[in-house]
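What follows is a set of notes on a single structure, which appears directly below.
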Amino acid sequence: MRIEGEVVHQDLEGGFWGIIADDGTKYHPVEGLPHSFRQNGCRVAADVEPANVMSFAMWGKNVRIKSITRI
């Protein structure tokens, strides 16, 4: 699925990066966000797929990023 939104850093459980889509849905990239996109407020478009894994973050929908670009 394709999402567009804003990168955010969350300070929960040691911290992690997530994406809040334009529709308000929260996405947690379980394999992390590429370093070049780790900036609060960075606007991105990403192709993601659901990741059926347990996460310590318990924040948003767990996804794997297939591709990501700045917009």
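The values are calculated or read from the model by the stated rules, or taken from the named source; none is laboratory data. Model, not experiment: these values are computed from the prediction. Cβ coordinates were reconstructed from backbone atoms using ideal geometry, including for glycine residues, and neighbour counts include every protein chain displayed. For accessibility, only protein heavy atoms count, side chains too; no ligands or nucleic acids. Shrake-Rupley method; radii C 1.70, N 1.55, O 1.52, S 1.80 Å.
For the reader, a short list of remarks on this structure follows.
- Surface composition of the chain: carbon and sulfur atoms hold 48% of the protein heavy-atom accessible area at a 1.4 Å probe.
- Charges were assigned to the Cβ only: +1 to each Lys and Arg, -1 to each Asp and Glu. The resulting dipole of the chain about its Cα centre is roughly 160 debye.
- Cα convex hull volume per residue for the chain (Å³): 79
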